[in-house]
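Here's the structure, in C-alpha cells; my notes come after.
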Amino acid sequence: MLILDNNQVKYILCSELGYSPIEADSYLRDFPVIHDELADAVQRWLEDRTVLETNIFGLSIKDYMRTHHSHFLMAVRDLNHLYDNDLTPERRDRLVGILRKPNIRW
C-alpha cells in the first residue's frame, strides 16, 4: 500500500493542475491509500508525470483519463476502488462496467 506525500501532491495539484490550496487540501482529505497494484504507476507519475500503460481489470489508466476527462490522480482514485477487499466479484464487474462508460461533457 502506498500513502501519498500530501505536501508533494498538493504542490502538483496547485502548480500544475490549477487547484487552489483549499481545493487541494479538500481533494486530498479523503484520498485513499493506493493499492500495491497501482503503486508503481503512481510513483512513476509523481517522479516525472509519466503515465504508465497500466491496465486494471481491463481498464487502462490513459483511456480512463481520456474518456472521463480526468487527471491522473482522479483516475487512480477511481480505479483504486477495484482492488478493495470488500468488493464481491459481481460488484467489481458492475463497477468495471460503470467505469468503462465515457463521461459525456455538454
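Each reported figure results from applying straightforward, stated rules to the coordinates on display, with no laboratory input. A quick note: this is a predicted structure, and the numbers were derived from the prediction, not measured. Methodologically, a virtual Cβ is constructed for each residue, glycine included, from the backbone with ideal geometry; neighbour enumeration extends over all protein chains shown.
Between the residues ALA39, THR67, VAL96, the greatest Cα displacement towards the positive end of the dipole of the chain, with unit charges on the Cβ of Lys, Arg, Asp and Glu, is found for THR67. Compared with the dominant principal axis of the Cα atoms in the chain, helix 89-100 is inclined by about 60°. Between ARG29 and ARG91, full extension at 0.36 nm per residue minus the direct alpha carbon distance yields a gain of 19.7 nm. Restriction of the chymotrypsin sites (Phe, Trp or Tyr not before Pro) in the stretch 40-69 to DSSP coil positions whose beta-carbon has at most 16 other beta-carbons within 10 angstrom yields PHE57.
The Rg/Rh ratio of the chain, with both radii computed over alpha carbons and Rh defined as the Kirkwood radius, is 0.96.
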